[in-house]
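Asker: Here it is: the structure, laid out below.
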Amino acid sequence: MATTSLWHIKGRLKDLIDYVENPKKTVSDHSMQDFFQTFSYVKNPQKTGNGEYVSAINCLKEIALQQMILTKQQYQKADGYIAWHGYQSFRPGEVSPELCHEIGLKLAREMWGDKYQIIVTTHLDKEHLHNHFCFNSVSFLDGKKYNYSKSEQKRLRDVSDRLCREYGLSVIERPKKAPSRELYLDEKGGKPTRYNIYLEDLKEAINGSRTVEAMEKYLIRKGYEVDFSGRHWRMKLPQYSHYTRLDTIDERLTPDFIRSRLGAYARYGNRQAKITYSPYMPEEYKNAWEPKQKTTGILALYYYWCYQLGILPKGTDYKPTSPFMKEELRKMDEITAQLRYLVENNIVTISDLYADRDKNQSEMDRLIDYRRHLQNKIRRALPAEKERLRDEKQDVTEQIMEIRKRLKCVKGIEERSVRIDERMNDLYENEQKAKENKYSRVDEIEQRKD
């Protein structure tokens, strides 16, 4: 069984030339790191069996990058999609390194070998062996750029499947869309994701409800919008525009299966969903957030949020029960870093945050101007002086990168503070609706008694 994927790398020919002249320098376009790293496997063969599983098609692997640059210069196609990078991954234990590399080479030759310069590497550092393909976006034959259309995507999958069958390997018969890499890493790391939050609450609702109507009320109390009217039952949280089918979350969750499993832990009546709040929050933070008001005390708001999420205090056993908040735990590391930034820089209010942002922006503008000045000096400098100026420029670039990280953190804090208010407002509205429903049921019972 092999899975395949392909994506473009956008950049400029100048970045390629600069990299060839000085590979240790910082690349200005971070999206091109994959492209450069693929070529570094030739020099740094830790993942490729001491370079044994690195091959080139239509070029020499030692100077593949230089040859690709010459092709681009020959046809004067320097910008846009500068290269394509893809992989072919096999099931753990299904192929040997030699067979994996052999299949990868056949796939690359059949797909792109008639027109493009390609590097094929086989990685042995994971449990699942996999091939990487990196090829020039410009054809050495006619100068045309590669177009990755839906038909090409299907051809890539079909060729890979055919080769797998020829070698007696398994094939995915009914492929499903793979989750994003961010979602995959979160699930692998045990962090809450939308689907596993949905699944957890669904299990609670099914086990604690004796009827479909009670299950529906349970999920609504949690904050979900549900639609059990059609053949495929659906649910979603209000912040999302599209419903999610229950049989997408788990293929077993069909209406018939759910009905057969209702009430596993509801022997004496339906259970009601409960929303709990952190009991560990200090008094000074309990009033940091107010409904329908934008919070200006940004540090207090972050402390409030961290307690509600169970991030603080350290070692707490509290876990949020609301799906509005549980999903935010995916970003726990980011929230913690932002809180640390606020404390270290003594930022208490939103005004302090804006002042810090302006200070960092001014410093970055100054450094960018100075780096531009250094670049002009490098062009005119003698060879002996160029190396010193390049080192100085590298130091300035590192300072700029550090300030960019700070500005990114400040922007994240500003955006998250708005999102915290929105999430808490959603939770507040959900609580108010639950109370109104409770009072209306009480009134209905009293009217029946009368």
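Asker: At 1.4 Å probe radius, can you tell me the per residue accessible area of the chain in Å²?
Answerer: 58
Asker: Just checking my list (i) 46, 30, 21; (ii) 56, 35, 23; (iii) 50, 35, 17 against semi-axes √(5λ) of the Cα gyration tensor in Å computed from this structure; which label fits?
Answerer: Calculated semi-axes √(5λ) of the Cα gyration tensor in Å: the matching label is (iii).
Asker: Still on this structure, I have one more. Roughly what angle does helix 298-309 make with the longest principal axis of the chain, taking Cα atoms, 0 to 90 degrees, to the nearest 10?
Answerer: 70
Asker: Could you tell me how many degrees, from 0 to 90 and to the nearest 10, lie between the Cα long axis of helix 194-207 and the main elongation axis, the longest principal axis, of the Cα atoms of the chain?
Answerer: On a 0 to 90 degree scale, this one is about 30.
Asker: Then there is this: How large is the accessible surface of Leu262 in square angstrom, using a 1.4 angstrom probe and rounding to the nearest 10?
Answerer: For Leu262, solvent-accessible area is about 40 Å².
Asker: Whose amide H sits under 5 Å from the amide H of Ala2, counting only residues 5 or more places off or on another chain, with H placed in the peptide plane?
Answerer: Ile172
Asker: Taking H placed 1.01 Å from N in the peptide plane, check which residues at least 5 places from Ser137 or on another chain put their amide H under 5 Å from its amide H.
Answerer: Ala83, Trp84
Asker: Using a probe of 1.4 angstrom, how much of the accessible area of the chain is carbon and sulfur, in percent?
Answerer: Ligands and nucleic acids excluded, carbon and sulfur reach 48 percent.
Asker: Next question, about the same structure. For the chain, with a Gaussian network of springs between Cα atoms less than 10 Å apart, report the residue from Lys150, Lys191, Lys115 with the top mean-square fluctuation.
Answerer: Lys150
Asker: When all protein chains stay in place, what accessible area (Å², nearest 10, 1.4 Å probe) is found for Cys306?
Answerer: Taking all protein chains as shown, Cys306 has close to 0 Å².
Asker: Among the listed pairs Lys191/Lys405; Lys188/Lys294; Lys77/Lys150; Lys145/Lys408; Lys294/Lys331, which are separated by more than 29 Å between their Cα atoms? Walk me through the numbers before you get to the answer.
Answerer: Details: Lys191/Lys405 24 Å; Lys188/Lys294 35 Å; Lys77/Lys150 24 Å; Lys145/Lys408 34 Å; Lys294/Lys331 22 Å.
Long pairs (Cα-Cα over 29 Å): Lys188/Lys294; Lys145/Lys408.
Asker: Let me ask you something else. Once fully extended, how much extra length lies between Lys191 and Leu60, figured as 0.36 nm per residue of separation less the alpha-carbon to alpha-carbon distance?
Answerer: Result: 42.8 nm gained on full extension.
Asker: So what does Thr296 come to for accessible area, using a 1.4 Å probe and Å² rounded to 10?
Answerer: 90
The values are calculated or read from the model by the stated rules, or taken from the named source; none is laboratory data. Given the structure is predicted, the values throughout are model-derived calculations rather than measurements. These accessible areas exclude ligands, DNA and RNA; they are computed on the full protein's heavy atoms, side chains included. Shrake-Rupley method; radii C 1.70, N 1.55, O 1.52, S 1.80 Å.
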